[in-house]
Amino acid sequence: MSTYYTPTGGLPAQTSLMTQRAVFTTAYAFIPKGCFSDIVVSYLPGWRDTRLWLIARPMSGFSETFSQYVMEVAPGGGSDAPDAETGAEHVLFITGGLITLTIDGVGYELDAGGYAFIPPGAKWTVLAEGNQPARFHWIRKLYEPAPGVEIPPAFVTTEKDQPLRTMPDTGGVWGTTRFVDPTDTRYDMHVNIVTFQPGGVIPFEETHVMEHGLYVLEGKAVYKLNQDWVEVEAGDFMWLRAYCPQACYAAGPGPFRYLLYKDVNRHAHLRGPGAYRPAR
């Protein structure tokens, strides 16, 4: 059975060593699970009995395409107007508790492992049910329309209902749970779950223009970020800008799994900040 680490807040003891593994560089940011404390939570207008850890947002010159929140909603809390950002699309991934999600008047119950894609323009609400806080990741991106391509519809599913697709020639030690068809160009972002069995590796320095957010759901590994090998474990977050090299060695006794965001399936912009402009 899959497990999903989720922070619960609190503060380290006064006797704890203050130096941990947190790193911010020009290529990546690394937030260890010990940083998810009460003093760095935030609150959102329009959300009742809710707090969150805001772990990624667009930053010029760094990672520019998405934001990611780790949400904690008390029983009975939620929102009837979750996001006022025009044109935003959303993915929710539930790590604990129970929510009722309503999208354009249709209700769904989601518990741990539940996954929802909400397209731009949809009307949606969230209500935490049960007697435990609902905990989930909320990933937001401005949807990028493309000529002749329809906006994809909303859908709700669970990890257990999606196959783990193993990479070729890996003996089954590296696989990805994909929630949308990667060839479907209606989608301009993917939010997947990557799974390594003990000893599994990314056997090269993966380097590409897509940005990444990687939240470790389970297990531990040694992860290469740019020039650095970093020990990572469940509850850690890695935020990678474009072209940050990465590799991985799953070093723990059990599976190493993370929730992965990346931007996909759109042309590179030729106008705008940093783009080439011919002389006039």
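Just so it is clear, none of the values below were taken in a lab; they were calculated from the coordinates. Source: prediction; values computed, not measured. Cβ atoms come from the backbone with ideal geometry, glycine included; neighbour counts cover every protein chain shown.
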Exercise. What relative contact order, as a whole-number percentage, does segment 48-97 give when Cα pairs under 8 Å and 6 or more residues apart are counted?
Worked result: 35
Seminar exercise, completed: Taking a straight Cα-to-Cα line shorter than 28 Å from residue 224, and setting aside same-chain lysines fewer than 8 residues away, one finds 33, 141, 262
Exercise. If you average the sequence gap of Cα pairs under 8 Å that are 6 or more apart and divide by the length of segment 23-263, what percent do you get for the contact order?
Worked result: 19
Exercise. Order of 95-104, 163-172, 45-54, 232-241 by packing, highest average Cβ count within 10 Å first?
Worked result: 232-241, 95-104, 45-54, 163-172
Problem set entry | Net dipole in debye of segment 23-263 [+1 Lys, Arg Cβ; -1 Asp, Glu Cβ; about Cα centre; nearest 20] | 280
Seminar exercise, completed: Computed on Cα atoms only, the convex hull of segment 61-209 has an orientation-averaged projected area in nm² of 11.1
